[in-house]
Amino acid sequence: MHLKDLTEYQLSGKRVLLRADMNVPLQSGTIANTERIDRSLPTIKHILQEGGKIILLSHLGRPEETGKVQEEFSLKPVVSYLEEKLQRPIPLTESLDSLRVLNGSFTVLENIRFFKGEKGNDSNLAKKLGSLCDIFVLDAFAASHREHASTTGVISFVNQACIGFLIREELEALETIEKANRPILAILGGAKISSKLSLINALANKVDHLLLGGGIANTCLGSKGLEIGRSLVEPSLYSEARNLIEKDNVLLPDKVVVAPNKESEPREVSVETLKKEECIFDISPLYIDSIKKTFAEAKTIIWNGPMGFFEEDKFSLGTKAVAELISESEAYSVIGGGDTIAAAAQAKVLDSINYVSTAGGAFLNYLEGKPLPALLALEEKALES
């Protein structure tokens, strides 16, 4: 993929519209994890050091497109953190019409999803955004699978467009996976098989071993006719699940952690001895231990999605066991998705992962081989010049 790079441009005195990914988790108005902001800082610092004038765009959460600020989704905590890291005041503006950019300045526009037409890729909004800049820089890999006004539409209304350092880093890591050494172990968890079914099938045809956990594994177990109690499952997909688990390289847990509810004490059981009143909350660490040779022999490991309800300590041991085996492995490891990153951080193994992708949906789409609309638009723009 031919994409123009930020380093190809003279930035001094230029207005740079930077679409970054500041979609960080908030707890009571405080940033719970600054990873995505921190990973955007090299691009921001480079533009400022080269004398560029930044207008930063980002979304945060899923607000309604009302055209009005919704405080719980405001970028105010993000701006405060950026001011602290960059040691400079950064104005936050709520209106495109009042946006003024001075030399060497840095302005943040309020949550782009407050603006009507963002998610619908409205051409009027995209044109207005494009009019703000001399150069558009996309550095939000996590939003590159979205055909939105601020990621894709705006590119049609700018003369120059390129990617930032974070996207270059993400693409280089994912290209490494495409040329991966075998055996390849992919680990997929999460709540629903429906949201990842096409990805699961694609990966099953590409990798040597595919370990399933979470609600995805529950649905597969239920498709075998096993008692899965009150566990999270999707019975409408039992037929597809049966086809999937017939593949020789798909690994399904034979031991799980169950309880009647989240408040109850858990117990580890064989998948064949589950009671009707119980729910599966985690994959069993005993099962993970039984396949540790698969982790040890892997040359490449890809992980997306926790193995269970890891937010509760008593249901986090299966996910933690997976994280620890990845960290101990000599394989090239890549993980992606907010919950996966949080689980790896909880297990204190983030530093031993070779590459941590900031993306969730875009990460999965890339692995599946689906096109990323924002990157395709950038490639078309590069071919024009």
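Could you tally the net charge around ALA382, taking each other residue with its Cβ under 11 Å from the Cβ of ALA382, Lys/Arg +1 and Asp/Glu -1?
That works out to -3.
Placing +1 at every Lys and Arg Cβ and -1 at every Asp and Glu Cβ, with all other atoms neutral, what dipole size does the chain have around its Cα centre, in debye to the nearest 20?
For the chain, the charge dipole is close to 600 debye.
Output the pairs from LYS68/LYS119; LYS179/LYS299; LYS85/LYS128 with a Cα-Cα distance over 18 Å in this structure; if there are none, say none.
Check vs 18 Å cut-off fails for LYS85/LYS128.
Using alpha carbons only, how many degrees (0 to 90, rounded to 10) separate the axis of helix 35-49 from the longest principal axis of the chain?
Taking the Cα atoms of the chain, the angle to 35-49 is about 20 degrees.
So what's the gap between the Cα centers of the range 122-170 and the range 61-80, to the nearest angstrom?
Measuring centre to centre over Cα atoms gives 20 Å.
By how many degrees, between 0 and 90 and to the nearest 10, does the Cα long axis of helix 76-86 differ from the longest principal axis of the chain?
In the chain, helix 76-86 runs at an angle near 70 degrees to the longest axis.
Could you compute the net charge surrounding VAL356? Neighbours are other residues with a C-beta less than 9 Å from the C-beta of VAL356; K and R count +1, D and E count -1.
That works out to 0.
Between beta-carbons, use under 13 Å as the cut-off and find the net charge around SER28, counting Lys and Arg +1, Asp and Glu -1.
Net local charge, SER28 excluded: -2.
Once you've got the GNM for the chain with C-alpha springs shorter than 10 Å, pick whichever of GLN160, GLN87, GLN49 has the biggest mean-square fluctuation.
Largest GNM mean-square fluctuation: GLN87.
With springs connecting C-alpha atoms under 10 Å apart, model the chain as a Gaussian network and identify which of ILE184, ILE335, ILE90 has the largest mean-square fluctuation.
Largest GNM mean-square fluctuation: ILE90.
To make sure I understand the rule: partners must be lysines, Cα under 19 Å from the Cα of LYS262, and not fewer than 8 residues away in the same chain. Which ones qualify?
LYS192, LYS275, LYS276, LYS314, LYS320
Relative contact order (percent) for the range 180-353, with alpha-carbon contacts under 8 angstrom and 6 or more residues of separation?
Averaging sequence separation for qualifying contacts and normalising by length gives 23 percent for the range 180-353.
Can you work out the base-10 log of I(q)/I(0) for the range 262-385 at q = 0.16, 0.22 1/Å, using the Debye formula on its C-alpha atoms alone?
-0.85, -1.24
How much of the DSSP beta bridge set in the chain is antiparallel, as a percent to the nearest 5?
Expressed as a percentage, antiparallel bridges in the chain total about 20.
May I ask for the angle, rounded to the nearest 10°, between helix 317-328 and the longest principal axis of the chain, with both axes built from Cα atoms and the value confined to 0 to 90°?
70 degrees
Summarise the long-distance tail of P(r) for the range 105-213 by giving the % of C-alpha pairs beyond 23 Å.
Summing the P(r) tail past 23 Å for the range 105-213 gives 48 percent.
Go from 0 up to the bin containing the longest alpha carbon distance in the chain, width 20 Å each, and give me the % of pairs per bin.
In whole percents, the pair-distance histogram is 27, 51, 21, 1.
Once you charge only the Cβ atoms, +1 for Lys and Arg and -1 for Asp and Glu, what is the size of the charge dipole of the range 171-230 about its Cα centre, to the nearest 20 debye?
So the dipole magnitude of the range 171-230 works out to roughly 240 debye.
Picking from ASP339, ASP139, ASP248, which is most flexible by a Gaussian network model of the chain using Cα springs under 10 Å?
Of ASP339, ASP139, ASP248, the most mobile in the Gaussian network model is ASP248.
Please report GLU169, GLU64 as a ranked list, fewest other C-beta atoms within 10 angstrom at the top and most at the bottom.
So the ranking, lowest neighbour count to highest, is GLU64, GLU169.
Given all pairs of different Cα atoms, what value in angstroms does the Kirkwood hydrodynamic radius of the range 153-252 take?
15.7 Å is the Kirkwood radius here.
Based on Cα positions only, what radius of gyration and what Dmax would you give for the range 180-353, in angstroms?
According to the Cα coordinates of the range 180-353, Rg and Dmax are 14.8, 44 Å.
Per residue and in Å³, how big is the convex hull formed by the alpha-carbon atoms of the range 246-318?
110 Å³
In the range 180-353, what percentage of the DSSP-assigned beta bridges are antiparallel, given to the nearest 5?
Approximately 35 percent, going by the DSSP bridge assignments.
Roughly what percent of Cα-Cα pairs across the range 225-275 reach past 16 Å?
Value for the range 225-275 (Cα pairs over 16 Å): 51 percent.
Report, in whole Å, the centroid distance computed from the Cα atoms of the range 259-306 and the range 179-237.
Each part's Cα centre sits 13 Å from the other's.
How compact and how long is the range 55-119, expressed as Rg and Dmax of its alpha-carbon atoms in Å?
Rg, Dmax (Cα atoms, Å): 11.9, 34.
Shape call for the range 32-92 from the C-alpha gyration tensor, a ≥ b ≥ c root eigenvalues: rounded (a/c under 1.5), prolate (a/b greater than b/c) or oblate?
prolate
Which one of PHE309, TYR287, LEU17 has its Cα pushed farthest toward the positive end of the charge dipole of the chain, where Lys and Arg give +1 and Asp and Glu give -1 at the Cβ?
LEU17
Determine the dipole magnitude for the range 180-353: charges of +1 sit on the beta-carbon of Lys and Arg, -1 on that of Asp and Glu, nothing else is charged, the reference point is the Cα centre, and the result goes in debye to the nearest 20.
380 debye
All of the numbers you see were taken from the coordinates with simple rules; none came from a lab. Just so you know, these numbers come straight off a predicted model, no measurement behind them. In this analysis, Cβ positions are derived from the backbone assuming ideal geometry, glycine residues included, and neighbour counts consider all displayed protein chains.
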